[in-house]
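As structure tokens, the structure follows; a few thoughts come after it.
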Amino acid sequence: MNSIRLPNSAHESIPWRIREIAPDFTLEDVWALPVHGSAEDFQTLLEVMISFDPANGGSLPARVLWRVRERLGRWFGLDRVSAPIDGPRNDTGRKSPIRGTNGTSLTNRLPSDLHNTATHLHFNSVPFKSLYRTDAEFAAEASNQTVHGVLHLAWVDQGEGRYQGQMAIYVKPRGLLGKGYMALIKPFRIWVVYPALMRQIERAWNARVPESARGKP
């Protein structure tokens, strides 16, 4: 499996559009994905990712962790993973804004050339809402009571017509509770959730893309 956690500089060295849209968010994780292909295969990567179901795929520990996380969210109202992006709402029924702003979604920050570029991409099993896509970049957002997060996918040119997928996670915690929550789940994300996710992505990719077209170096 050709996937590895990367330093943030591997993502920040490229002028991805997400950096102008979410400059107040923290880059939490960067991973090289176990997918390779040609320039036109980026759409296949997006199809793999939007069909991902963390509760029913991957390793048993990862599935159990996801379900426990969702159950705790329902009990304490902290992490409603089934909530739409126009939530969460506070006790008065109002939408919770991104911390430090009045906005509840990054959609309002999109430059005109990125508007409505990803409206056809809908996640099947996770509460992300697509923000935009370009020929080599895609972003989606999710929000709960602890954090507003962004999933960023990129198709990174490796030279000689080869590309590899890269995933980055941006977050903006909601106060001390959000920061504490992110710190608490970090070891589980890195050592359980992400490795299981990478294996699931690799299996789905290999099932869709012929080996002769994967463009591995």
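The values are calculated or read from the model by the stated rules, or taken from the named source; none is laboratory data. What you are looking at is a predicted structure, and each value in this text was computed from that prediction instead of being measured. Please note: Cβ atoms are built from the backbone with ideal geometry, for glycine as well, and neighbour counts cover all protein chains shown. These area figures cover heavy atoms from the full protein model, side chains too; ligands, DNA and RNA do not enter into them. Shrake-Rupley method; radii C 1.70, N 1.55, O 1.52, S 1.80 Å.
Taking into account only those residues within segment 119-149 that are touching a strand residue (DSSP E or B) at 6+ places or on another chain (Cβ under 6 Å) and in a loop (DSSP other than H, G, I, E, B), which is nearest to VAL30 (Cα to Cα)?
ALA136
What about ILE190, is it aliphatic (A, V, I, L, M) and over 16 Å from ARG17 (Cα atoms)?
Values: aliphatic (A, V, I, L, M): yes; over 16 Å from ARG17 (Cα atoms): yes.
In short, yes.
Looking only at segment 155-192, which residues are surrounded by 12 or more Cβ atoms within 10 Å (Cβ to Cβ), aliphatic (A, V, I, L, M) and farther than 30 Å from SER38 by Cβ?
Result: VAL171, LEU177, MET182, ILE185, ILE190, VAL192.
Being at pLDDT 85 or above and open to solvent by 20 Å² or more (accessible area, probe 1.4 Å) is true for just one of ARG71, ARG67, ARG5. Which residue is that?
Exactly one of ARG71, ARG67, ARG5 is at pLDDT 85 or above and open to solvent by 20 Å² or more (accessible area, probe 1.4 Å), namely ARG5.
Could you check ASN108 against (1) open to solvent by 20 Å² or more (accessible area, probe 1.4 Å); (2) under 18 Å from the mean Cα position of the chain (by Cα) and say which number it fails?
(2)
Can we say ARG80 is assigned to a helix (DSSP H, G or I) and at pLDDT below 90?
Taking the combined requirement at face value, the residue does not satisfy it.
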